[in-house]
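A short worksheet on the structure shown next.
All of the numbers you see were taken from the coordinates with simple rules; none came from a lab. Owing to the predicted nature of the structure, the values given are computational and were not obtained by experimental measurement. Cβ placement follows ideal geometry from the backbone for every residue including glycine, while neighbour counts extend to all protein chains displayed.
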């Protein structure tokens, strides 16, 4: 069973994604911010990290930079309600697999996850 870590300061988003992904057969863990997420990853790895961009304590981009230092092969989908060109480009440069806008569309998330999980395991690329 693939493990997914959902990182979002909005509890409703964490709950909704946990329910959705659990029904799809994934093991889901959650964190309310980047610092909590890093601590979880130090204890237990994840095949995919879905993270929000705007969070207190450590925003999504700072989290990505730290993630790249500690867990460079991580697969990340970034989600945001505040899509800006600068953050989009920086996220892509930091190796995020996809950048999705909130509110998330379930079919779009499924499609992106299917594409990500179907590529060779050792490949982490920008696109």
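The residue 12 and residue 73 beta-carbon pair, evaluated with R₀ = 30 Å, returns a calculated FRET efficiency of approximately 0.50.
Beyond 23 Å, the tail of the calculated P(r) for the chain holds 21 percent of the Cα pairs. For the pair residue 81 and residue 24, label points projected 7 Å from Cα toward Cβ lie 2.1 nm apart.
In plain terms, the bigger the Kirkwood radius, the slower the diffusion; for region 20-84, with that radius from Cα pairs, at 37 °C and 0.692 mPa s, Stokes-Einstein puts D at 266 µm²/s. If you bin all the Cα-Cα distances of region 74-119 at 5 Å, starting from zero, the percentages per bin are 5, 22, 31, 24, 16, 3. When only alpha carbons are used to place a centre, region 10-24 and region 35-67 end up 17 Å from one another. In plain terms, the residue of 97, 82 with the fewest other Cβ atoms within 10 Å comes first and the most crowded comes last, giving 82, 97. Listed by Cβ neighbour count within 10 Å, with the fewest neighbours leading, 58, 78, 113, 1 appear as 1, 58, 113, 78. The relative contact order of region 3-118, computed from alpha carbon pairs under 8 Å that lie at least 6 residues apart in sequence, is 21 percent.
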